[in-house]
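Note sheet for the following structure.
The values are calculated or read from the model by the stated rules, or taken from the named source; none is laboratory data. Given the structure is predicted, the values throughout are model-derived calculations rather than measurements. With ideal geometry, Cβ positions are generated from the backbone for all residues, glycine too; neighbour counts draw on all protein chains shown.
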Amino acid sequence: MGRLIVVSNRVSMPTPDGAQGGLAVALQAALRESGGLWFGWSGREVDKFTGSVSFEEISGVRSAVVDLEPQDVEEYYNGFANRTLWPLFHYRIDLAKYNRSFGSGYERVNKRFAEPLHVMIEPGDTVWINDYHLIPIASQLREHGIRNKIGFFLHTPWPPTRLLVSLPYHERLVRTMFDYDVLGFQTAEWLESFLHYCQNELGGTIDGEYVSFEGKTLRAVVCPIGIDFENFLQASKTDAAQALSERVKVSLRQLSMIVGVDRLDYSKGLEERLNSYEHYLQKHPESHRAVVLIQVAPPSRGEVEHYQHVRDHLNAMSGRINGAFAEVDWTPIRYVNRGYNRDELTALYRAARVGLVTPLRDGMNLVAKEYVAAQDPDDPGVLVLSRFAGAAAQMQEALLVNPYAPEEVADALHKALTMPLTERKQRHAALLEGVKNEDVHWWREKFVRIIEETDCRQGVAAQ
Ligand code: ADP
Ligand code: G6P
């Protein structure tokens, strides 16, 4: 039995305040159980790329990381990954930048990662690549003669064909995906978009889960990611969780709390969320001095302009709304630009009557699942969830909203805050079952089993 080799740009690094994003949180949980190796970028920059690998043991997971050059980071991470693919994959072609150097930097860095990686892969290992930073890496590994099974999981949405074709060289990118055995998507919607592209742009053929193009075949499946449910429950019992829980209780007094927890990213719909909350305050004067929104949003990808804009805009909006509605003894929004560790997060979620999760587009959104996991089943809060988050496909018992429609979100907030206990318990019990059963271990086992059982490359000397 070979090892599991997981590859992603971001490898989980212990940070005092968490906020690494869903991929790192989930993969760390998955790898802790399976053993294996996690390969990726160290997050560090060096003058000259050497490809030398440092091995580290991070929270019980063996990691192998390489450093990148400043130009790599600029063209690959800040450039093609986060200025081009991230907005495009979240349907924001208005924000996507197409710069040829980003594309060449992206291919260069994928090649650079493949160099040390291919040497580490042994016959029988299963290789699992993650996310939009590393789409072409399977082609690079195949060029190095790697014949192992390779799966790719996309944590973000896959955009509709008519948006994807705005990417110069889109075909060149998608062609490289045929060097994988398996592709995993979070929802049926993203999978359908991928299949549509293959059929209509590439002229490929589809037979059930199998897609063929120019003599190569891959298997494309839906496999929604979950949270580390048990670990999350344990975290809620620690001293840190209890301490924050007490502090929050004291500071809330009689206030009903609404919570938002997100990386500071335009895809999370934070401006629209504050706008909706303002509508709610306007429409419901009885909420004044009775409700508070705690929005936790640590900065993310700060070198990319649109992240700076959204940060500035949110500072201004939260200040303006607080200025307009606050009283000497009440502030409607507490806007916090830092992360919290997992233990503390469980306390924040549990103290909140409403979990407000309203991304404009999101591959999955683990915060929605964490909020449900953290609730007291005897007196649970209510999840208000964007219908455009991948999580909505599995979480139909949440109050589903269109995040672009402030009146609709305001009405959902009112409904959530006034919902009778029986309905809250019914909705929560149904949601909890899904979050508990389809957790991160379920996801890993399912996806790895699919990679292992799939044989798309019979013609190639299999190892
Ligand atoms: P994304 O991967 O786009 O950031 P997700 O909701 O899927 O969105 O995952 C976010 C992960 O990062 C969750 O596990 C969440 O707990 C964590 N996280 C988000 N914001 C914070 C924060 N302010 N402090 C600590 N952890 C955070
Ligand atoms: C999302 C992406 C991940 C990424 C994370 C945090 O979850 O799908 O690939 O790691 O955001 O973003 P960052 O740029 O800080 O790695």
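Condition (residue is closer than 22 Å to Glu303 by Cβ, of a type outside the set (S, T, N, Q) and in a loop (DSSP other than H, G, I, E, B)) applied to the stretch 127-135: is it met by at least one residue? So far as the stretch 127-135 goes, yes, one or more of its residues are closer than 22 Å to Glu303 by Cβ, of a type outside the set (S, T, N, Q) and in a loop (DSSP other than H, G, I, E, B). If you go through the stretch 286-293 one residue at a time, do you hit one that is within 16 Å of ligand 2 (Cβ to nearest atom) and either at pLDDT 95 or above or in the same structural domain as Leu360 (by TED's automatic domain parsing) (or both)? Checked against the condition, which is being within 16 Å of ligand 2 (Cβ to nearest atom) and either at pLDDT 95 or above or in the same structural domain as Leu360 (by TED's automatic domain parsing) (or both), the stretch 286-293 yields no hits at all. Looking at the stretch 192-205, can you tell me whether even one residue there is within 16 Å of ligand 2 (Cβ to nearest atom), within 23 Å of Glu452 (Cα to Cα), within 22 Å of the chain's Cα centre (by Cα) and buried (at least 17 other Cβ atoms within 10 Å of the Cβ)? Within the stretch 192-205 (the criterion being within 16 Å of ligand 2 (Cβ to nearest atom), within 23 Å of Glu452 (Cα to Cα), within 22 Å of the chain's Cα centre (by Cα) and buried (at least 17 other Cβ atoms within 10 Å of the Cβ)), the answer is no, since none of the residues qualifies.
Please enumerate the residues belonging to the stretch 356-392 that are within 9 Å of ligand 1 (Cβ to nearest atom) and β-branched (Val, Ile, Thr). Passing the criteria: Val357, Val367. Considering (1) among the hydrophobic types (A, V, I, L, M, F, W, C); (2) surrounded by fewer than 20 Cβ atoms within 10 Å (Cβ to Cβ); (3) within 15 Å of ligand 1 (Cβ to nearest atom), the lone condition that Ala290 does not fulfil carries the number (3). For Val7, state whether it is in contact (Cβ under 8 Å) with a residue 40 or more places away in the chain, crowded, with 20+ Cβ neighbours inside 10 Å, farther than 24 Å from Met364 by Cα and more than 16 Å from ligand 1 (Cβ to nearest atom). Here the answer is no, as Val7 does not meet what is asked.
Among the residues of the stretch 373-410, those identified as surrounded by fewer than 19 Cβ atoms within 10 Å (Cβ to Cβ), in a helix (DSSP H, G or I) and not small (Gly, Ala, Ser) are Glu407, Glu408. Contact map, the stretch 126-144: residues that are over 11 Å from Val7 (Cβ atoms) paired with residues that are modelled with pLDDT under 95 and in a strand (DSSP E or B), Cβ distance under 7 Å, separation 6+ or inter-chain. Pairs shown: Thr126/Leu4.
When Cys456 is tested against (1) over 21 Å from Ile294 (Cβ atoms); (2) in a helix (DSSP H, G or I); (3) not charged (D, E, K, R), just one condition goes unmet, and that condition is (2). Among the residues of the stretch 367-400, those that are without any contact (Cβ under 8 Å) to a residue 60 or more places away in the chain and either farther than 23 Å from Tyr266 by Cα or of a type in the set (Lys, Arg) (or both) comprise Gln375, Asp376, Pro377, Asp378, Asp379, Pro380, Gly381, Val382, Arg387, Gln396, Glu397.
When restricted to residues that are within 16 Å of ligand 2 (Cβ to nearest atom) and more than 19 Å from Gly204 (Cβ to Cβ), the stretch 152-181 contains 4. I'd like to check something: does the stretch 447-454 contain any residue that is in contact with a helix residue (DSSP H, G or I) (Cβ under 8 Å, 6 or more places away or on another chain) and not assigned by TED's automatic domain parsing to the domain that holds Gly260? For the stretch 447-454, residues in contact with a helix residue (DSSP H, G or I) (Cβ under 8 Å, 6 or more places away or on another chain) and not assigned by TED's automatic domain parsing to the domain that holds Gly260: present.
Looking only at the stretch 89-112, residues that are among the hydrophobic types (A, V, I, L, M, F, W, C) and touching a His at 6+ places or on another chain (Cβ under 9 Å) come to 2 in all.
List the residue pairs whose Cβ atoms are under 9 Å apart, where the first residue sits in the stretch 158-176 and is at pLDDT below 95, the second is surrounded by fewer than 18 Cβ atoms within 10 Å (Cβ to Cβ), and the two are 6 or more positions apart or on different chains. Cβ pairs passing all conditions: none.
Residues in the stretch 42-83 that are crowded, with 22+ Cβ neighbours inside 10 Å, more than 16 Å from ligand 1 (Cβ to nearest atom) and in contact (Cβ under 8 Å) with a residue 60 or more places away in the chain: Arg83 only. When Ala240, Ala188 are checked against the criterion of being at pLDDT below 95 and more than 16 Å from ligand 2 (Cβ to nearest atom), a single residue qualifies: Ala240.
Scan the stretch 325-349 residue by residue and report those that are in a loop (DSSP other than H, G, I, E, B) and among the β-branched types (Val, Ile, Thr). Result: Val328, Thr331. Quick check on the stretch 81-91. Is at least one of its residues modelled with pLDDT of 95 or more, on the phi > 0 side of the Ramachandran plot and assigned by TED's automatic domain parsing to the domain that holds Ser8? Yes, that holds for at least one residue. Taken over the stretch 33-90, the criterion of being within 16 Å of ligand 2 (Cβ to nearest atom), among the aliphatic types (A, V, I, L, M) and touching an Asp or Glu at 6+ places or on another chain (Cβ under 8 Å) is satisfied by Val65, Leu68, Val73.
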